[in-house]
Amino acid sequence: MLEVSPVSAHVNSSLSLALLQQIIDQLPMNIFCRDKHGRYLFANKAFAREAGLQDPSELIGKSDAEMPWGDVFREEDDRLLADGKPLLHQQLHCHSGEGASWMEINKVPLYDEHGDPIALFAMVSAIDQRKELEQTFRQQQLLQRRLLDAIPDLIRLEDHQGVLIDCNQAFLDFMGLTASDALGRRVPPRLPVEQTLGQGEYCVVDAQGRGRHLEVTRVEVPDDEGNSLGILTLSRDITGLRTTQAQLQQEQHYDSLTGLLKLSHFLQTSRHLGARKASLLLVDLQHFREINDRFGIRVADRLLSQVARRLQRLAPPQSLLCRVAADDFALLLPELPLSLDEWSRNLQQELMAPYQVEEHRIQIPVFLGIAHGKAKEAERLLSHAEAALAQGKRQQQHCTLFDPELDAKLKRRQLIAAQLPLAIKSAELTAVYQPIICTHSNRLHGAELLCRWPHPEFGMISPDEFIPLAEELGLIGQLGQLMLELGCAQLARWQVAAPDLVLSINLSPLQFRDPELCPQIFACIERHGLAPWQLELEITEGVLMENADEIESNLACLIEAGFQLAIDDFGTGYCSLAYLPRLQVATLKLDKSFTQGLASNQATTAIVRSVIGLGHELGIKITAEGVETPEQQAWLVQVGCDRLQGYLFSRPLPSAEFARSYQLPEQ
């Protein structure tokens, strides 16, 4: 066995201490060791520099009392030696003349083989950089938390067992919980338990007991290796959106005043009712406009609401009820156990019973139009009921069933209405001329311009059929301009042979509401080289009874320009005689009903004689329309009628035939 000499042992020990010193001098921390009395046994260079010394050997045998920081750790060191427990990871914010810094201290008590304390070994590390990183990390965490809590959507992260890992404040507020109550626990069952990954919409109750609509999205959150960390759930409160959508749907589908279906939704719903038999009743309130004008819109609206409530009360089960227009309602009825006639009469009686609206007791007449058919064809039934209603109003029949013959008339009317705009635009409508004979000379005085439509399918369509349609469709202005152009062009060709010929042209009341009427007429006669006196403009008595500014302006403008004004169908309206001198009316045209009643009705002859006398007193010429017999002609000539017009002389003729009959140029 080798023996180590004392010299060799000393050499090895010195070498080991030197190596240990080199090692600790290279470490980036303060290292020292003090005995149990607080005297330094060894230290590294870093600690020596902290103590203000050049070499660690200068510390040997000294205590903290001789150091710049003083004997502040003595009590703590004694306690550590006495307790026998190390002090690990102590962090201190130390202040010195150069400023403040953060230190992490680890102290370990050392003992001999008997367990007696002999020394305290310590390592002190500067951790300013780590503390800065920790501060930055805490700030980032705080920012992330604030951002997360600022999001109004509910956010929660839970593991696969439903234990809540994290959530935002919106989720806690919704649940009525604090973070300490919720984190680390299973989510309470207020939220739907049957939730799958992906999107869905749920109705839940919040902490205040309010029902809420949530749009929920659930996704898995993977770690860096793709393993699932848990389930992230994002819940957006869409209660406001759904409420708004419901309100919009209510406004779109239901009438705001009565709460009944709107017509569009009524028709859309009816299309899903199949081919079962049904009846559609169209209810029309008469004189509603007068009620509105008399009592005001507030009372009128309340009256409509009461009518709607009566209809709802009277409507049988499985029926559809809607408000069609201001004062019209439609009721789509299934097959009834009693006869429809009896039920509709009862309905009418109930609706016509007086209504108490505020202090007003109002009774309103009701007309019904009824059509039978298939429930899914409510739109067609509605048009049939409208036709029946219109017929009932004309005949003053309060309850009218749709007649199939009326259907044919309706289809014809719809076809004519559809084709009329193109017919006017392409000048398919033609002009015909009926002569007006002067009784004094028995010669041609002029002609009335009339319109005809030679239709390829229906043949010659009467103006009594298409003129009202043109007015209804807003086409009367275009039609009037077409006829004016054709008539003026023809008169210009005829005036070479008949310079005194006068052309009578009918103007619709709607044309007189057009502020462009006068400029259009002026431009037309100027284009064709005519004078204003060559045109006699025929208007009905109804035009004179209207008080519209445009009508007054147009009449004054035309009369001032020199156009002759004639009142057509005189005696059939309600014209005030005071208008005649004021408007400088040139001609009164007696309606044909007076002419046809001359032979059989003494009252008629007296009226005609009086009108002729009155007209002459006012300087107005009289034209009798509808003259068909020589006896009518002779009587009218005898009483002084100025001009005659009717089939006795000629039916309305195309321009070429009219020209041949009266020796006028055909081209």
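Here are a few things to note about the model shown:
- Selection from A353, N442, H384 lying farthest towards where the dipole of the chain points positive, charges on Cβ: N442
- Residues in the chain average 55 Å² of solvent-accessible surface per residue, probe 1.4 Å, ligands and nucleic acids excluded.
- Near S256: Cβ cut-off under 11 Å, other residues only, Lys/Arg at +1 and Asp/Glu at -1. The net charge is -1.
- Taking a sphere under 9 Å around the Cβ of F329 and counting the other residues whose Cβ falls inside, with K and R at +1 and D and E at -1, yields a net charge of -2.
- The largest accessible area among R218, R289 belongs to the first residue in R289, R218, and the rest follow in falling order (1.4 Å probe, all chains).
- Computed from Cα atoms, the angle from the helix 463-472 axis to the main principal axis of the chain rounds to 30 degrees.
- Phi-based couplings in Hz for the range 24-30 (Karplus 6.51, -1.76, 1.60; Gly and Pro marked x): 6, 5, 8, 6, x, 7, 8
- Relative contact order %, the range 60-132, counting alpha carbon pairs below 8 Å whose residues are six or more apart: 23
- Dipole moment magnitude, nearest 20 debye, the chain about Cα centre, only Lys, Arg, Asp, Glu C-beta charged: 2360
- Anchor K85: lysines whose Cα lies under 22 Å away (excluding residues fewer than 8 positions away in-chain): K36, K107
- Rounded, prolate or oblate (a/c below 1.5 giving rounded, otherwise prolate when a/b exceeds b/c) for the range 90-186 by Cα gyration tensor: oblate
- Rel. contact order, % - alpha carbon contacts under 8 angstrom, at least six apart, the chain: 6
- Cα gyration tensor category, rounded, prolate or oblate, for the range 65-120 with a/c compared to 1.5: prolate
- Cα shape, the range 305-393, gyration tensor, a/c 1.5 rule: prolate
- Summarising the label geometry, the points placed 7 Å from Cα in the beta-carbon direction at R452 and Q638 lie 3.5 nm from one another.
- 23 Å tail of the calculated P(r), the range 220-320, as % of Cα pairs: 55
- Net +/- balance of residues flanking R236 in space, Cβ distance below 12 Å, scoring K and R +1, D and E -1: -2
- Where labels lie 7 Å past Cα in the beta-carbon direction, separation of A603 and Q54 in nm: 14.9
- Computed in the context of the full set of protein chains, the accessible area of the chain at 1.4 Å probe radius has 53% of its extent on carbon or sulfur.
- Label separation (E465 vs Q141): 9.1 nm, computed from points 7 Å beyond Cα along the C-beta direction.
- Computed E for L19/E66 - FRET, C-beta separation, R0 45 angstrom, nearest 0.05: 0.95
- Computed E for L248/S305 - FRET, C-beta separation, R0 30 angstrom, nearest 0.05: 0.85
- Of the residues G296, L282, Q312, the one whose Cα sits farthest towards the positive end of the charge dipole of the range 280-333 is Q312 (charges of +1 on Lys and Arg Cβ, -1 on Asp and Glu Cβ, taken about the Cα centre).
- The peptide list 387-394, 238-245, 527-534, put in order of mean Cβ contacts within 10 Å with the highest first, becomes 387-394, 527-534, 238-245.
- Remark on T540: its backbone amide H falls under 5 Å from those of D568, a criterion applied only to residues 5 or more positions apart or on other chains, H modelled at 1.01 Å from N.
- With Cα atoms, 0 to 90° folded angle of helix 378-394 axis to the chain main axis: 40
The values are calculated or read from the model by the stated rules, or taken from the named source; none is laboratory data. Predicted model only: the values in this text are computed from it and were never measured. Virtual Cβ from ideal backbone geometry, glycine too; neighbours counted across all protein chains shown. These accessible areas exclude ligands, DNA and RNA; they are computed on the full protein's heavy atoms, side chains included. Shrake-Rupley method; radii C 1.70, N 1.55, O 1.52, S 1.80 Å.
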